[in-house]
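Notes follow once the structure below has been shown.
The values are calculated or read from the model by the stated rules, or taken from the named source; none is laboratory data. Please read these numbers as outputs of a predicted model, since none were measured by experiment. Counting neighbours? That spans all protein chains shown, and the Cβs are built from the backbone with ideal geometry, glycine included.
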Amino acid sequence: MQELSEIRLCAAGELDLEKTFECGQCFRWNRRDDAYIGIVRGRAARLFYRGGDVMIECAAEDIPLWHHYFDMDLDYSAISFGDAGEYFAACEEFGRGIRILRQEFWEALCSFIISQCNNIPRIKGIVESLCQGFGEPLEFRGEIYYSFPGPDILATLSPGELAPLRAGYRAPYIISAARAVSLGELTPEALGSREEAVRALCGISGVGKKVASCTALYGLHDMTGFPIDTWMKRALANHFPEDFTPEVFGEYAGLAQQYIFYYARTNGASS
């Protein structure tokens with residue numbers, strides 16, 4: 001059994017746990033009492049507030065992993081979007097504390113394939129069933145959790161073997177993507193620019209521009225990305241000029257997108 005330590009990760013203002021874990025960018029963090037427990041790259045951690053700090057309970061040797069995952073080298077308070085209008089100012093203020101997580105590429109791709117035409121509770125349920133069915137067990141704080149199954153494992157399966165997940169029409173898409181990653185046809189190192197990555201990802205059966213854009217942003221941490229789904233379409237149509245382009249937000253357009261998405265989904269895109 002690993003020895004766990006409680007270590008200060010950052011000030012509470014630098015990372016809002018609820019906003020970051022509930023804003024739709026990740027699906028394996030779950031609230032447990034006054035904390036969140038998550039599994040990343042086969043490692044587990046528990047995050048909670050203590051006073052004015054965000055604390056992390058994990059194996060001490062895993063701290064570099066979590067520091068990287070939470071993008072702690074970037075000072076989000078120094079990011080400026082200039083004057084992007086009154087509506088965006090409200091989105092930015094409402095979403096302050098969201099950080100763009102540095103997720104593992106394959107997990108992000110697979111998770112966002114599952115996310116198609118789905119709501120967040122159901123996405124999380126399917127992802128958890130996938131991990132329980134095909135991931136590796138790990139013990140954390142006396143309980144058993146499961147790692148996200150690698151592409152090599154899922155590439156050998158048939159859609160019928162994924163039937164218990166109730167992923168529906170997405171099952172063959174998951175397997176197709178797993179085979180492409182397993183065979184080395186898609187690797188983070190070879191995907192190039194965001195435009196090239198989106199184009200390559202859209203070459204996978206069942207992957208459209210929205211899933212590809214989400215994968216580039218959350219799985220490749222390309223912060224210039226600006227995924228557009230139904231919520232974003234409504235918000236942009238209702239509150240931004242017709243000639244709007246994401247380029248106005250510069251190199252951190254992906255963070256701006258999360259502010260808009262989180263505000264729109266929480267308050268209604270017309271608000």
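Does Gly150 satisfy the condition of being small (Gly, Ala, Ser), at negative phi, touching a Pro at 6+ places or on another chain (Cβ under 9 Å) and modelled with pLDDT of 95 or more? I'd like the intermediate steps shown before the answer.
Numbers: small (Gly, Ala, Ser): yes; at negative phi: yes; touching a Pro at 6+ places or on another chain (Cβ under 9 Å): no; modelled with pLDDT of 95 or more: yes.
When the stated conditions are applied, Gly150 does not pass them.
Taking the criterion of being in the same structural domain as Ile114 (by TED's automatic domain parsing), out of contact with any Cys (no Cβ under 7 Å at 6 or more places or on another chain) and over 16 Å from Ile113 (Cα atoms), would at least one residue in the range 166-178 satisfy it?
Among the residues of the range 166-178, not one is in the same structural domain as Ile114 (by TED's automatic domain parsing), out of contact with any Cys (no Cβ under 7 Å at 6 or more places or on another chain) and over 16 Å from Ile113 (Cα atoms), which makes the answer no.
Could you give every pair whose Cβ atoms fall below 6 Å, whose first residue belongs to the range 237-257 and is outside any loop (DSSP other than H, G, I, E, B), and whose second residue is hydroxyl-bearing (Ser, Thr, Tyr) and surrounded by 13 or more Cβ atoms within 10 Å (Cβ to Cβ), counting only separations of at least 6 or pairs across chains?
His239/Tyr87; Glu251/Thr224; Ala253/Thr224
Given the options Ala264, Ala200, Ala212, Ala177, name the one that is part of a helix (DSSP H, G or I), without any contact (Cβ under 8 Å) to a residue 24 or more places away in the chain and within 24 Å of Gly125 (Cα to Cα). Lay out the reasoning, then the answer.
On the way: Ala264 fails: without any contact (Cβ under 8 Å) to a residue 24 or more places away in the chain; Ala200 fails: within 24 Å of Gly125 (Cα to Cα); Ala177 fails: without any contact (Cβ under 8 Å) to a residue 24 or more places away in the chain.
Going through Ala264, Ala200, Ala212, Ala177 in turn, the sole match is Ala212.
So Asp222 ticks every box in (1) under 21 Å from the mean Cα position of the chain (by Cα); (2) at pLDDT 90 or above; (3) of a type in the set (D, E, K, R); (4) not in a loop (DSSP other than H, G, I, E, B) but one. Which box is left unticked?
The single condition Asp222 does not satisfy is (4).
Could you tell me whether Glu128 is within 30 Å of Asp53 (Cα to Cα) and of a type outside the set (A, V, I, L, M, F, W, C)?
On the way: within 30 Å of Asp53 (Cα to Cα): yes; of a type outside the set (A, V, I, L, M, F, W, C): yes.
The answer is yes for Glu128.
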